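Below: the structure, in structure tokens.
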Amino acid sequence: MDTAIRAKVTAKDFFLWLGAMVALYVSATSLILLVHQYINVFFPNALDYAPSYSSSMRFAIASLVVFFPLYIWLTRMLHQDIRQTPLKQELWVRKWLIFLTLFVAGITMAIDLVMLVNTFLNGDITTRFILKALTILIVIGGGFWYYLNELKGKWEEKKKESTIVAGIVSVIVLATVASSFFIIGSPQTERLARFDEQKTADLQNIQWQIISYWQQKEKLPVSLADLEDPLAGFVAPKDSQTGASYTYESTGAMSFKLCADFNAPSRDMITGADTKAMRVPAPIGGDLANENWKHNSGTVCFDRTIDPDRFPVFKK
């Protein structure tokens, strides 16, 4: 009777094992995604124009920072619990979740290998693809090996080896997370980049207001104050970082320039995208309409020329 009571699954046992498995899945997925983003950075796809990986990298880092320590802590608690009560190795929740993990890991590795072989047979295999496939195999394969030994009770019996494995994996995860800051920068750098993105959005808004003004009055505004319209609710935005007004100057009958102070080069310049659009006045509405907001750090002016064929004056 005592044995049956001790081997019974309690609410604590159930949620500890469930929590550990959820933390494991999130940590493994986040680690794979983070390494994949490294591969994207160092082996870029020629078909990707000015790709941005910082958002997905930040999410993967945040997930690892929260869930990986949680996984280590929960796993340690479970191992200590089993060492104190060896019969808990036979808990159904433990066996079911471990077998489920082994099944998912096995299927994932099999699919990964199928994709690798299929890509090779199609002649589309690249260094980028191979590295991503190997990342999945190594991470998932490592988890498969660990829980195969977990099923046999190895880590409960050999505490020292369990601690060594946890230490090695922790160092790998920590190094992977720390390395990411060399790519996406520090939180302060990211904050400054967001200020720059807001400045670009403000300039785009002002630009289209200038176009609308020209279409209605067939002339450019003298200053940004001329654009303000209480009925339409438009007020010329200001630099959200400094509170200063943006610089506007009419340079011709249909040309003008907008200037702002930026903290750093735009992300598409950092990733090595073509920057020719910065060096020529861009006709608004032309092919460069969505590509000519690249900038360096410091004060940058964007020269614009309105194309009357694309933006004709409104008939009165």
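Can you name every residue in the range 84-114 that is more than 33 Å from the chain's Cα centre (by Cα) and of a type in the set (D, E, K, R)? Scanning the range 84-114 gives Lys88, Glu90, Arg94, Lys95. Residues in the range 278-296 that are modelled with pLDDT under 90 and either more than 18 Å from Trp208 (Cβ to Cβ) or exposed (fewer than 14 other Cβ atoms within 10 Å of the Cβ) (or both): Met278, Arg279, Val280, Gly286, Asp287, Asn290, Lys294, His295.
A single entry from Met115, Met57 fulfils the requirement of being surrounded by 18 or more Cβ atoms within 10 Å (Cβ to Cβ), part of a helix (DSSP H, G or I) and modelled with pLDDT under 90: Met57. Look at the range 178-196: where a residue is of a type outside the set (Asp, Glu) and a partner is in a helix (DSSP H, G or I), sitting 6+ places away or on another chain with Cβ atoms under 6 Å, you get Ser180/Met57; Ser180/Ile61; Ile183/Val41; Ile184/Ser54; Ile184/Met57. Considering the range 63-107, and only residues there that are within 14 Å of Ser170 (Cβ to Cβ) and of a type in the set (Phe, Trp, Tyr), the residue that is surrounded by the fewest Cβ atoms within 10 Å (Cβ to Cβ) turns out to be Trp73.
The values are calculated or read from the model by the stated rules, or taken from the named source; none is laboratory data. This one's a predicted model, so the numbers in the text were calculated from it and none came from an experiment. Every residue, glycine as well, gets a Cβ built from its backbone with ideal geometry; the counts of neighbours run over all protein chains shown.
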